[in-house]
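Visitor: Take this structure, written in structure tokens, and hold onto it; I'll ask about it next.
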Amino acid sequence: MIQAEAKNANVWYGDFHALKNVNMSFEPSSVTALIGPSGCGKSTFLRLFNRMNDLISNFKLEGSITVDGQNIYAKDAKIDEIRKTIGMVFQKPNPFPKSIYENVAYGLRVNGINDRRTLDEVVERSLKQAALWEEVKDNLKKSAMAISGGQQQRLCIARALAVEPKLILMDEPASALDPISTAKIEELIFELKKSFTIIIVTHNLQQAGRISDYTGFFYLGDLIEHDHTQKMFLNPAQERTQNYITGRFG
Amino acid sequence: MKKFKKLVEYFVEAVLFSSSTITSLTVILIVIFLFREGIGMFNSSPLEQNFVIVVSQKNPVQELNATQIKAIFNQDIVNWSAVGGAKDSIILFTTNDITNYYSEEELGSSLENLPAKLNDFILENPGAIMYISSKSLPPNFAGHKLAVKKIGVADFVFGEQWYPTSEPIPSYGIWPMIIGTLMVTLGALLFAIPLGIATAIFMAEVASMRIRNLLKPIIELLAGIPSVVFGFFGLIIIVPLVQKTFGLVVGETVLAGSIVLGIMALPTIITITEDALRTTPQALKEASLALGATRWQTLVRVVVPYAKSGISTAIILGIGRAIGETMAVLMVTGNSSNIPHSFLVPARTIPATIAAELGEAPYGGLHFKALFALGIVLFIFTIIVNSSVEFIKNRSRRA
């Protein structure tokens, strides 16, 4: 069974060929880490799965991206509907300048769900899933801007979980956080993978090793190697993967 | 060589320092000047210089206020008992009336007998009230000058009549101008705010780069058009349009002024709002879109709330632009100094009054001072507007 899949994905930004014929699939309830040096295309690849690249004016895709068996780039695909089933967590915590409660409720509210009881339930459930509930349960009306960076990032995760996505995309979610907050996020990812499929971009190879089941190594727009994380780190098939993982370039 | 460099540095510093000092001093001097001239209004008698109002020595009335004098000379009050005097009818007399009582021979060829005749008149008519030049008073005049109450700040601000040159006593009530200014400004904002914000949203969020690059210079050009041109445009296009649309006798109305002012406030509102909308971090927009919000939902729920302090600033600066605008308003509002009770009647604003009347007000006279006092009122308005901008900025910085 496959949760999400890229087939012969080629991406151009104008004349720049950013992703070259990438084929990759993701199993349900797994964590896949995308690694590679800056500019290798891993973020571009991640953002294919919720059509975030559409915001860039000269973006062009060839090939297909399927989530839940549905081609999300089909002509009749509804972008907003697709994005509702896919959560995303960004590099820097980016809570809305609203209350903690409203941040989590946002995804439901834009879906037209304003029933107080439903919202209360979802907010509590999501904050618990994101391991933030105990810290903020008495201050749900507090501005999300007033909590710490690590808490903000977990709030952003809760916000993404509130719409009950199947797939969660994480773009270096811990790179702007201190080690303790990073550890909390990693624990959280470990918990979350029981019920969600997670694709995570990271610069931190140890992190990739700790949290992921599969790892994909990107280099200059090519997917060099994609395998079980243990295999990738201990016995990679490609020399370039070996060199990158051992720190000889990157 | 090193010494020379130091000298140059010192010189540059001195130039910078003196420039800023001169600028600040100029501002302070202007404010002082404005207040000195304007405040003078409240320290002087409302009578024209060198003119007096006199009554018979037997008349017990010593002091009247401007309203009473006006009522007497308009013959609304015809008996002294109404103003605290004896039961005696009031006989009005101004210098022009002299020929009704005395022949030209009696007065003399160069009016040399005028003072004596004035004396005779007051002796013969103990109920008389005379508005005459103080130069024509005889040395042993048989009457006494009436003291006239000074104009109070409340009379000035809340007075409903503005007759700055009426005789014997002018009226300086600026309430119609305050209401006129506020109504014209309000009307301007009622259509400039929605239009301006809509345009800004279009430019910041909807329009393609090419359309935006086309639109931006046009809007900036709109800000650079001289206000007299706007006034001219208003007079030729808007005024007849308003007149025809509403079937009015005159098209020079509050509405016409509002439309012209609104157009003039648009560039301010649009540019500042657009800048504010653009400051919304891309990350927030992406977060919203990633949660399945449409572009429109993102705009309403994230972008606009994020930019709201900038949008408020834009609106308030738009108010500032509208409230102080002179020339265009002068040309299209009809300048009637009555309190406007609707948007379809003529009105008059504070700056238009100053511009229209300063030329004919004798230097240093009461009318002149009254116009400066109007300037103070306008100044206070703009201070309120500017400090609310500061207030909003500070508040958003803290949040």
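Visitor: Which ranges mark the helices (runs of 4 or more DSSP H) fully within the range B:184-263 that have 3 or more residues being over 27 Å from the mean Cα position of the chain (by Cα)? Lay out the reasoning, then the answer.
Guide: Values: elements: B:209-224, B:227-233, B:239-246.
It comes to B:209-224, B:239-246.
Visitor: Still on this structure, I have one more. Just to verify a result, which residue in the range B:206-241, among those that are of a type in the set (A, V, I, L, M, F, W, C) and in contact (Cβ under 8 Å) with a residue 60 or more places away in the chain, is surrounded by the fewest Cβ atoms within 10 Å (Cβ to Cβ)? If you could, list the steps in order and put the result at the bottom.
Guide: Step one: filter the range B:206-241 for residues of a type in the set (A, V, I, L, M, F, W, C), giving B:206-207, B:209, B:211, B:214-215, B:218-219, B:221-223, B:225, B:228-230, B:232-233, B:235-239, B:241.
Keeping just the survivors that are in contact (Cβ under 8 Å) with a residue 60 or more places away in the chain gives B:228, B:230, B:232, B:235, B:238-239.
Details: B:Val228: 13, B:Phe230: 22, B:Phe232: 16, B:Leu235: 17, B:Ile238: 24, B:Val239: 25.
Filtering first and then ranking leaves B:Val228.
Visitor: Considering each of B:Lys145, B:Lys150 in turn, give the residue that is of a type in the set (D, E, K, R) and within 17 Å of B:His367 (Cα to Cα).
Guide: Details: B:Lys145 fails: within 17 Å of B:His367 (Cα to Cα).
Testing whether each residue is of a type in the set (D, E, K, R) and within 17 Å of B:His367 (Cα to Cα) leaves just B:Lys150.
Visitor: From the residues in the range A:67-85 that are of a type in the set (A, V, I, L, M, F, W, C) and in a loop (DSSP other than H, G, I, E, B), which one is farthest from the other protein chains (Cβ to nearest Cβ)? Break it down stepwise before answering.
Guide: Start the filter on the range A:67-85 by keeping residues that are of a type in the set (A, V, I, L, M, F, W, C), which leaves A:67, A:72, A:74, A:77, A:79, A:82.
Filter once more, keeping what is in a loop (DSSP other than H, G, I, E, B): A:72, A:74, A:77.
Working: A:Ile72: 13, A:Ala74: 17, A:Ala77: 13 Å.
Of everything passing the filter in the range A:67-85, A:Ala74 is farthest from the other protein chains (Cβ to nearest Cβ).
Visitor: In addition: Take the conditions away from chain B (no Cβ under 14 Å) and among the charged types (D, E, K, R) and apply them to A:Arg125. Does it pass? Don't jump to the end; show me each part of the working.
Guide: Details: away from chain B (no Cβ under 14 Å): yes; among the charged types (D, E, K, R): yes.
Criteria met by A:Arg125.
Visitor: Something else: Regarding the range B:305-313, can at least one residue be identified that is within 14 Å of chain A (Cβ to nearest Cβ), in a loop (DSSP other than H, G, I, E, B), more than 13 Å from the chain's Cα centre (by Cα) and touching a residue at least 12 places away in the same chain (Cβ under 8 Å)?
Guide: First, the residues of the range B:305-313 that are within 14 Å of chain A (Cβ to nearest Cβ): B:305-310.
With in a loop (DSSP other than H, G, I, E, B) added as a condition, the list becomes B:307.
Filter once more, so that each one left must be more than 13 Å from the chain's Cα centre (by Cα): B:307.
Subsequent filtering for residues that are touching a residue at least 12 places away in the same chain (Cβ under 8 Å) retains B:307.
For the range B:305-313, residues within 14 Å of chain A (Cβ to nearest Cβ), in a loop (DSSP other than H, G, I, E, B), more than 13 Å from the chain's Cα centre (by Cα) and touching a residue at least 12 places away in the same chain (Cβ under 8 Å): present.
Visitor: Check whether at least one residue in the range A:14-28 is of a type in the set (Val, Ile, Thr), under 19 Å from the mean Cα position of the chain (by Cα) and under 30 Å from B:Val304 (Cα atoms), and report yes or no.
Guide: Kept after step one, since they are of a type in the set (Val, Ile, Thr), are these residues of the range A:14-28: A:22.
Narrowing the set further to residues that are under 19 Å from the mean Cα position of the chain (by Cα) leaves A:22.
Among the residues that remain, those that are also under 30 Å from B:Val304 (Cα atoms) are: none.
Within the range A:14-28, not a single residue is of a type in the set (Val, Ile, Thr), under 19 Å from the mean Cα position of the chain (by Cα) and under 30 Å from B:Val304 (Cα atoms).
Visitor: Please work out which residue is nearest to A:Lys7 (Cα to Cα), limiting yourself to the range A:201-229 and to residues that are out of contact with any Asp or Glu (no Cβ under 9 Å at 6 or more places or on another chain) and part of a helix (DSSP H, G or I).
Guide: A:Ala208
Visitor: Report the residue count in the range B:275-303 for those that are within 12 Å of chain A (Cβ to nearest Cβ) and touching a residue at least 40 places away in the same chain (Cβ under 8 Å).
Guide: Looking only at that region, the number is 3.
Yes/no matrix, rows are residues, columns are (1) among the hydroxyl-bearing types (Ser, Thr, Tyr); (2) within 11 Å of chain B (Cβ to nearest Cβ); (3) in contact with a Ser or Thr (Cβ under 6 Å, 6 or more places away or on another chain):
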position: A:Ala4; (1), (2), (3): no, no, no
position: A:Lys7; (1), (2), (3): no, no, yes
position: A:Val31; (1), (2), (3): no, no, yes
position: A:Ser43; (1), (2), (3): yes, no, no
position: A:Ile65; (1), (2), (3): no, no, no
position: A:Gly87; (1), (2), (3): no, yes, no
position: A:Val104; (1), (2), (3): no, yes, yes
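Visitor: Which condition number in (1) farther than 24 Å from A:Lys231 by Cα; (2) at pLDDT below 90 is the one that A:Ile157 fails?
Guide: Unmet condition: (2).
Visitor: Quick one: in the range A:89-101, which of the residues that are more than 7 Å from chain B (Cβ to nearest Cβ) and under 13 Å from A:Val201 (Cβ atoms) is surrounded by the most Cβ atoms within 10 Å (Cβ to Cβ)? So that I can check it myself, show each step before the final result.
Guide: Let us first name the residues in the range A:89-101 that are more than 7 Å from chain B (Cβ to nearest Cβ), namely A:89, A:91, A:93, A:95, A:98-101.
Next cut, under 13 Å from A:Val201 (Cβ atoms) only: A:89, A:91.
Working: A:Val89: 27, A:Gln91: 17.
Out of the qualifying residues, it is A:Val89.
Visitor: Being over 19 Å from B:Gly224 (Cα atoms), under 18 Å from the mean Cα position of the chain (by Cα), part of a helix (DSSP H, G or I) and of a type outside the set (Val, Ile, Thr): is that true of B:Ala356 here?
Guide: Details: over 19 Å from B:Gly224 (Cα atoms): yes; under 18 Å from the mean Cα position of the chain (by Cα): yes; part of a helix (DSSP H, G or I): yes; of a type outside the set (Val, Ile, Thr): yes.
It is true that B:Ala356 is over 19 Å from B:Gly224 (Cα atoms), under 18 Å from the mean Cα position of the chain (by Cα), part of a helix (DSSP H, G or I) and of a type outside the set (Val, Ile, Thr).
Visitor: Could you look through the range A:45-63, keep only residues that are over 21 Å from B:Arg295 (Cβ atoms) and under 19 Å from the mean Cα position of the chain (by Cα), and pick out the one that is nearest to the other protein chains (Cβ to nearest Cβ)? It would help to see each step written out before you state the result.
Guide: Within the range A:45-63, the subset over 21 Å from B:Arg295 (Cβ atoms) is A:45-46, A:62-63.
Next cut, under 19 Å from the mean Cα position of the chain (by Cα) only: A:45-46.
Details: A:Phe45: 16, A:Leu46: 11 Å.
Top of the filtered list is A:Leu46.
The values are calculated or read from the model by the stated rules, or taken from the named source; none is laboratory data. As the structure is a computational prediction, the values presented were derived from the model and not from experiment. Quick reminder, even Gly has a Cβ in these numbers, built from the backbone with ideal geometry, and neighbours come from all protein chains shown.
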